[in-house]
Structures are given as structure tokens and as C-alpha cells.
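First comes the structure, then the notes that go with it.
The values are calculated or read from the model by the stated rules, or taken from the named source; none is laboratory data. If you're wondering where the values come from, they're calculated on a predicted model, not measured in any experiment. Please note: Cβ atoms are built from the backbone with ideal geometry, for glycine as well, and neighbour counts cover all protein chains shown. Please note that ligands, DNA and RNA were not included when accessible areas were found on the heavy atoms of the full protein model with its side chains. Shrake-Rupley method; radii C 1.70, N 1.55, O 1.52, S 1.80 Å.
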Amino acid sequence: MIFVQGSAWRKQDTYAMIPNLCQIAAKGYVVASVEIRESDIAPFPAALEDVKCAIRFMRKNAAEYGVDPNLVAVWGDSSGGHLALMTGLTIGEYNNGLYSEQSDEVSAVIDYYGVSDLLTLGKYNDILDHDAADSPEGLFIGGRIPDHVEQAKKASPLHQDLDKKLPPFLIIHGDSDNVVHVNQSIEMYKALKEHGQKVLFYKVVGGDHGGGVWSPQVLDITERFLSAHSYRPNHR
């Protein structure tokens, strides 16, 4: 399991979710947390390249870390959820040249309250001007969203090719999220379904941006999703 800690694409606290990730690790999964280049250092697609590089690194060192290189999932929350979606939707793309002999293919994608469309994010939320140059999204693509429409599309999961063969997706989002509106996940779910892809969507009633979402019930759903897609964790 490759996990991408949400951080608005900026400096991550990679320890933040360890208590929750430990619950998945306790089921027999190996969890590797990825540190990305933050948008202050390098805008899109740097962070996406880093996630894919981490997948290839883990495959190259599978024996050392005791992992099955044929069974790799990617999981993230918030901006990490966005990067998890992008990773699953752009297999074979955004290779930074490191460990190039390895594949970045994943068998499953888990998105917790991630951004799916940079172009519409600001329309459903007035707590933050998501279109501004100094917003997390603006810093991520290098300027105001309305001034960089094509770059925003390239960086948006909803604007990727959804007709090709894709891994299964699990999407989780709280319906009271005041940072990333739940509509982002609803539209992503609808688009994947309309294109015949395997996708599950769970709306957490009363869930805010992270708060109320990371519950034992949701983690159980996450683990069952993994188990349903050919994962055979080693219980020891």
C-alpha cells in the first residue's frame, strides 16, 4: 500500500495518519508513506511523478521490504486522494526516469475526500478562493486557475481518459466537508460509472474534511475493498 498524506500539495506531516495506517498494517498489509515535493518547490506534475517513482522503488526493492510487487494499491487523503486518483488514471505516464524498468501500475485506488476537478472546486466552496494564484490549487499548477485552464485539466482526475482499462476505485467523502466539497467525489464517481469502470462511493454523513471520516467503520470498508481485489495479506 502506497499512502500519500494530504497537505494541500505543500509540506506534509507524514506522521499524521500513522495511528490510522497502523490499523491497516495490522491486517497484514505493508504500508509505505510517500514524501512528495511540495508545490512551493515544484508545481505539477512533480508530486505525481514522486508517487509513481515511489511505486517503482518499492517494486525494485520488493524482496528487501517483503512485499508482493504484483499487488500494489495507492491511497491518499485530500490532496493525497487527488494524487492517488491521478496515479491510477495515468498508468505509464509521468515517469521521472528513476527505476524506469519497473511499472507504476496499481491494482486498486483509494481516495479519501480528494480533489477531482480543479476547474469547478471553487464553485462549491466560499471558505477559500480556490481559483486564486496563492491558493493551494493555484500554487499546485503555477497560477490562477482561470488563467491556466489547460494545465488545470491536465492536473484534474475528472479530465483524464476514463475509457481505457483502469483499476477499481474506492471513494470516501464526508457530506459536511467545507474545504473540498463532496460534489468533487460525486462527480468523479458518476464519471467513472458512466465509463463502465469499477468504483464504490461511500458518503460519510456529518463527515468534515477528515473529521469523522477516519472511523473504524470506514477503515473496515477500506480493508474489505482491498481484500475484494485479489489482495491476500499475510497474517502473522
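Condition check ((1) polar (S, T, N, Q); (2) without any contact (Cβ under 8 Å) to a residue 12 or more places away in the chain; (3) assigned to a loop (DSSP other than H, G, I, E, B)) across all residues:
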residue	(1), (2), (3)
134	no, yes, yes
140	no, no, no
143	no, yes, yes
153	no, no, no
197	yes, no, yes
206	no, no, yes
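What is the number of the single condition among (1) charged (D, E, K, R); (2) open to solvent by less than 60 Å² (accessible area, probe 1.4 Å); (3) part of a loop (DSSP other than H, G, I, E, B) that residue 161 does not meet?
It fails just one condition, (2).
Filter the range 4-43 for residues that are among the basic types (Lys, Arg) and without any contact (Cβ under 8 Å) to a residue 40 or more places away in the chain and give the result.
Residues of the range 4-43 among the basic types (Lys, Arg): 10-11, 27, 37.
Hits for the range 4-43 are 11, 37.
Tally up the residues in the range 116-133 that are out of contact with any Phe, Trp or Tyr (no Cβ under 9 Å at 6 or more places or on another chain), of a type in the set (A, V, I, L, M) and within 24 Å of residue 90 (Cα to Cα), please.
2
Taking helices (runs of 4 or more DSSP H) that do not extend beyond the range 1-107, which have at least 1 residues that are open to solvent by 30 Å² or more (accessible area, probe 1.4 Å) and not charged (D, E, K, R)?
So the answer is 18-25, 46-60, 62-65.
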